[in-house]
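Here the structure comes first, spelled out in structure tokens, and everything after it is commentary.
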Amino acid sequence: MNVTDAFERARAEGRRVLVGYLPAGFPSYDGCVAALAAMVKAGVDVVEVGLPYSDPVMDGPIIQRAAERSLAQGTRTTDVLRTVEAVAEMGVPALCMTYWNPVSRYGVDRFAADLAGAGGAGLITPDLIPDEADDWLAASDRHRLDRVFLVAPSSADARLACTVAACRGFVYAASLMGVTGTREKTSEQGRALVARVREVTALPVGVGLGVSNGAQAAEVGGYADAVIVGSAFVRTLLDAETPDAGVDAAADLAADLASGVRSPG
Amino acid sequence: MSNAAADAFFGHFGRYGGRFVPEALIAALDELDVEYRKAWSDDGFRGEFDRMLREYANCPSPLYEATRLSASLGARVLLKREDLNHTGAHKIRNVLGQALLTKRMGKPRVIAETGAGQHGVASATACAYLDLECVVYMGEEDTRRQAMNVSRMRLLGAEVVPVGTGSRTLKDAINEALRDWVTNVDTTHYLLGTAAGPHPFPSMVRDFVGGISVEARQQSLDKLGRLPDAVCACVGGGSNAIGSFHAFVPDEGVRLFGYEAGGDGVATGRHAASITGGAVGVLHGARTYLLQDEDGQTVESHSISAGLDYPAVGPEHAYLHDTGRVTYEPVTDAEAMDAFRLLCRTEGIIPAIESAHAIAGARRVARELGPDAVIVVTLSGRGDKDGDTAAEWFAGHPEEGRRA
Ligand SMILES: Cc1ncc(COP(=O)(O)O)c(C=O)c1O
């Protein structure tokens with residue numbers, strides 16, 4: 001299943017798409033797949049499988065800690081691809097969210113081929129801008145993968161238009177200036193940014209950075225097509241006493257967020 | 001091959017460099033690029049920068065004829081004495097340039113990363129001098145290893161933030177500085193400490209430290225009536241080296257040598273030689289050579305020299321390596337410490353251990369080029385900071401009965 005189908009289905013149902021993120025191999029390979037399965041069952045429409053990386057400059061302390069733990073346990077790029085495959089088998093689109101060096105090292109075209117082979121929908125690339133992405137633009141065309149670039153409140157209009165034009169699947173609007181992490185309040189910058197994106201594209205727009213509960217999801221759902229939640233899921237697993245409790249807590253959070261995206265306001 | 005041509009396309013040096021950073025930073029990098037280019041072609045800015053270097057930083061640094069070292073190495077060796085600059089290293093050139101630019105951009109706050117603390121101290125110095133708020137990110141591990149520099153930074157009014165993630169060293173301090181920058185980019189300049197990172201940092205830092213080679217070239221002409229046969233510099237992130245090479249790059253008769261930290265030896269895997277022992281990838285915003293595993297995860301570097309202990313290298317060096325204009329070689333801890341002792345004993349100059357790598361390299365070049373050769377060696381810094389490390393090394397490696 002690809003991302004576009006998920007957006008169309010949500011639109012038909014009069015709701016927003018819920019995108020949930022976990023780094024592969026966290027809290028363990030199986031634990032991650034189990035948590036993702038529970039999240040999907042509780043209402044996550046699209047999964048972002050993070051490729052844990054040694055130098056995650058876009059991530060705050062919560063995701064950093066999870067990625068570090070995953071790497072310390074020996075997670076490899078191939079494990080990330082296996083996780084994508086497991087998610088695809090759950091019947092939801094699976095995107096891989098990755099910093100660029102692991103893809104560059106694996107070989108851009110080879111990575112694209114193996115991601116497509118695993119049933120993956122595409123890539124979200126937090127430190128790759130379209131200006132530097134020639135080989136990924138070609139590989140994603142060749143292997144029919146979505147490519148989700150980020151736009152930010154600081155993006156000038158001309159850049160924003162170029163970046164959006166390079167996107168396929170949806171556009172990722174980083175709703176505030178900062179790194180990943182849960183926040184008390186969602187940012188007002190998100191609404192303005194989404195409006196600017198809509199002026200230059202008909203693609204759906206997802207908003208991430210800072211959303212951690214159903215009420216915030218409803219608020220963001222008031223102006224965005226997708227609500228993207230990462231750190232809040234990771235935190236449920238970090239805080240849990242046992243792996244099972246973590247899975248339950250992630251499912252509860254997914255259910256809360258899922259009700260949020262069903263009452264956008 | 002001109003550097004200008006290499007720079008021309010959006011901050012790429014051949015296939016290297018560029019910008020691999022979150023989109024949120026692109027506007028700030030664009031602004032920096034524009035403001036920097038404007039400033040660099042503005043006589044007012046250049047004049048003020050030169051004045052600060054002259055009156056405050058003690059530049060131009062002397063090109064010093066090291067007679068006893070020359071006798072020992074078997075070639076005529078001239079030391080570019082960056083160790084005599086204020087704060088004791090070439091780094092003052094870069095921080096004064098960037099701090100002055102920060103003022104010009106109207107930003108009140110500066111952040112910086114530091115490993116050994118040298119760049120942190122230099123940044124704190126420039127910020128005190130120019131009345132800027134200064135926050136320095138430093139790996140937790142390094143704040144313990146380099147406690148004296150932490151207190152120097154605090155004396156100068158900087159806030160030092162220990163970084164407890166990742167390997168808790170320089171690369172993680174850079175990550176944390178980038179995170180701060182994404183969040184506070186409106187008010188903050190990231191004063192990167194070496195000729196690495198996303199465009200325009202590699203070019204901008206090169207230009208700010210480029211005075212090393214501009215001066216050395218002229219001093220060589222004045223003193224000898226000719227250019228040197230070779231220029232040697234140590235390579236960490238690559239700022240003193242690119243500064244030492246820049247003006248000589250068009251001089252085809254001048255051979256250029258960059259010495260990376262070979263640690264225990266490149267074959268052992270415990271080293272910081274990104275070009276000789278690494279592979280091409282992306283780290284800290286640029287495509288370049290870096291130490292990485294099969295999956296592209298950054299591998300920790302090792303060197304007795306904290307200032308060279310960084311798992312990547314500035315992208316212009318990657319390019320100069322590929323084009324063959326500069327020869328890059330590793331120098332092991334043992335070779336560097338031998339050279340360290342040699343300079344202490346022959347010239348009464350205690351070098352930074354970083355710079356001792358360049359002296360060790362010059363020893364090889366002297367062997368190759370012979371007694372008539374003129375070799376300029378950049379002595380990037382002084383070794384006061386390295387007393388403990390050196391004492392510990394020499395206690396474990398007594399002078400008698402060992403071979404370098
Ligand atoms: C004296 C000295 N030399 C060299 C270096 C290495 O940096 P770069 O390669 O950027 O010159 C450092 C870094 O701290 C230093 O303090």
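Would a scan of the stretch B:335-356 turn up a residue that is open to solvent by less than 30 Å² (accessible area, probe 1.4 Å) and within 30 Å of B:GLY18 (Cα to Cα)? Yes, because at least one residue in the stretch B:335-356 is open to solvent by less than 30 Å² (accessible area, probe 1.4 Å) and within 30 Å of B:GLY18 (Cα to Cα). Inclusion of B:GLY225 among residues that are more than 14 Å from every other protein chain (Cβ to nearest Cβ) and more than 15 Å from the ligand (Cβ to nearest atom) is warranted.
Mind telling me which of the residues B:THR169, B:THR143, B:THR188, B:THR165 ends up being of a type in the set (Val, Ile, Thr), touching a helix residue (DSSP H, G or I) at 6+ places or on another chain (Cβ under 9 Å) and more than 13 Å from chain A (Cβ to nearest Cβ)? It would help to see each step written out before you state the result.
Working: B:THR169 fails: more than 13 Å from chain A (Cβ to nearest Cβ); B:THR188 fails: more than 13 Å from chain A (Cβ to nearest Cβ); B:THR165 fails: more than 13 Å from chain A (Cβ to nearest Cβ).
Result: B:THR143 is the single residue among B:THR169, B:THR143, B:THR188, B:THR165 that is of a type in the set (Val, Ile, Thr), touching a helix residue (DSSP H, G or I) at 6+ places or on another chain (Cβ under 9 Å) and more than 13 Å from chain A (Cβ to nearest Cβ).
Would you confirm whether or not the stretch A:9-30 contains a residue that is open to solvent by 30 Å² or more (accessible area, probe 1.4 Å), within 14 Å of chain B (Cβ to nearest Cβ) and without any contact (Cβ under 8 Å) to a residue 24 or more places away in the chain? Give the steps one after another, and end with the answer.
Kept after step one, since they are open to solvent by 30 Å² or more (accessible area, probe 1.4 Å), are these residues of the stretch A:9-30: A:9, A:11-14, A:16, A:27-30.
Still in the list and also within 14 Å of chain B (Cβ to nearest Cβ): none.
No, every residue in the stretch A:9-30 fails to be open to solvent by 30 Å² or more (accessible area, probe 1.4 Å), within 14 Å of chain B (Cβ to nearest Cβ) and without any contact (Cβ under 8 Å) to a residue 24 or more places away in the chain.
Please work out if B:MET204 is within 16 Å of the ligand (Cβ to nearest atom), away from chain A (no Cβ under 14 Å) and more than 22 Å from B:ARG37 (Cβ to Cβ). Taking the combined requirement at face value, the residue does not satisfy it.
Residues of the stretch B:85-105 that are within 12 Å of the ligand (Cβ to nearest atom) and farther than 14 Å from B:GLY243 by Cβ: B:THR87, B:GLY88. Looking only at residues in the stretch B:257-314 that are acidic (Asp, Glu) and open to solvent by less than 20 Å² (accessible area, probe 1.4 Å), the one that is farthest from the ligand (Cβ to nearest atom) is B:ASP295.
Scan the stretch B:342-357 for residues that are among the acidic types (Asp, Glu) and near the ligand (Cβ under 10 Å from one of its atoms) and the total you get is 1.
Within the stretch B:66-88, if we keep just the residues that are open to solvent by less than 10 Å² (accessible area, probe 1.4 Å) and among the aliphatic types (A, V, I, L, M), the residue that is farthest from the chain's Cα centre (by Cα) turns out to be B:ALA75.
Beta carbons closer than 6 Å, at least 6 apart along the sequence or on distinct chains, pair a first residue in the stretch A:138-154 that is within 14 Å of A:GLY120 (Cα to Cα) with a second that is polar (S, T, N, Q) for A:ARG147/A:SER140.
Taking the stretch B:25-76 as the range and being touching a Cys at 6+ places or on another chain (Cβ under 9 Å) and of a type in the set (Asp, Glu) as the test, only B:ASP50 passes. A single entry from B:VAL365, B:VAL299, B:VAL326 fulfils the requirement of being more than 25 Å from B:ARG217 (Cα to Cα) and within 23 Å of the chain's Cα centre (by Cα): B:VAL299.
With respect to A:PRO52, determine if the residue is within 10 Å of chain B (Cβ to nearest Cβ), modelled with pLDDT of 95 or more and either over 25 Å from A:ALA166 (Cβ atoms) or out of contact with any Cys (no Cβ under 8 Å at 6 or more places or on another chain) (or both).
Working: within 10 Å of chain B (Cβ to nearest Cβ): yes; modelled with pLDDT of 95 or more: yes; either over 25 Å from A:ALA166 (Cβ atoms) or out of contact with any Cys (no Cβ under 8 Å at 6 or more places or on another chain) (or both): yes.
Answer is yes for this residue.
Answer yes or no: is there a residue in the stretch B:68-83 that is within 14 Å of another protein chain (Cβ to nearest Cβ), closer than 21 Å to B:GLY237 by Cα and in contact with a His (Cβ under 6 Å, 6 or more places away or on another chain). So far as the stretch B:68-83 goes, no, none of its residues is within 14 Å of another protein chain (Cβ to nearest Cβ), closer than 21 Å to B:GLY237 by Cα and in contact with a His (Cβ under 6 Å, 6 or more places away or on another chain). Scanning the stretch A:198-222 for residues that are within 20 Å of A:THR163 (Cα to Cα) and either within 18 Å of the chain's Cα centre (by Cα) or not in a helix (DSSP H, G or I) (or both) yields A:GLU199, A:VAL200, A:THR201, A:ALA202, A:LEU203, A:PRO204, A:VAL205, A:GLY206, A:VAL207, A:GLY208, A:LEU209. Scanning the stretch A:64-92 for residues that are closer than 20 Å to B:ARG168 by Cβ, more than 10 Å from every other protein chain (Cβ to nearest Cβ) and open to solvent by 10 Å² or more (accessible area, probe 1.4 Å) yields A:ARG69, A:ALA72, A:GLN73. If you go through the stretch B:160-172 and keep only what is away from the ligand (no atom under 12 Å from the Cβ), buried (at least 24 other Cβ atoms within 10 Å of the Cβ) and in contact (Cβ under 8 Å) with a residue 40 or more places away in the chain, you end up with just B:LYS171.
Residues that are part of a helix (DSSP H, G or I) and among the aliphatic types (A, V, I, L, M) were ranked within the stretch B:370-401; the one that is farthest from the ligand (Cβ to nearest atom) is B:ALA395. Does B:GLN218 count as open to solvent by 10 Å² or more (accessible area, probe 1.4 Å), more than 13 Å from the ligand (Cβ to nearest atom) and free of Cβ contacts under 8 Å to residues at least 12 places away in the same chain? Answer is yes for this residue.
Screening the candidates A:TYR172, A:TYR223 for the property of being in contact (Cβ under 8 Å) with a residue 24 or more places away in the chain, among the aromatic types (Phe, Trp, Tyr) and crowded, with 22+ Cβ neighbours inside 10 Å yields one hit, A:TYR172. Exactly one residue out of A:ALA202, A:ALA173, A:ALA166 is more than 14 Å from every other protein chain (Cβ to nearest Cβ), under 28 Å from A:VAL84 (Cα atoms) and small (Gly, Ala, Ser): that is A:ALA202. The set of residues in the stretch A:98-155 that are among the hydroxyl-bearing types (Ser, Thr, Tyr) and either closer than 28 Å to A:ARG196 by Cβ or more than 9 Å from chain B (Cβ to nearest Cβ) (or both) comprises A:THR98, A:TYR99, A:THR125, A:SER140, A:SER154, A:SER155.
The values are calculated or read from the model by the stated rules, or taken from the named source; none is laboratory data. Since this is a predicted model, take the numbers as computed values, not measurements. Heads up, the Cβs are rebuilt from the backbone with ideal geometry, glycines too, and the neighbour counts pull from every protein chain shown. With ligands, DNA and RNA removed, areas are computed over all heavy atoms of the protein, side chains included. Shrake-Rupley method; radii C 1.70, N 1.55, O 1.52, S 1.80 Å.
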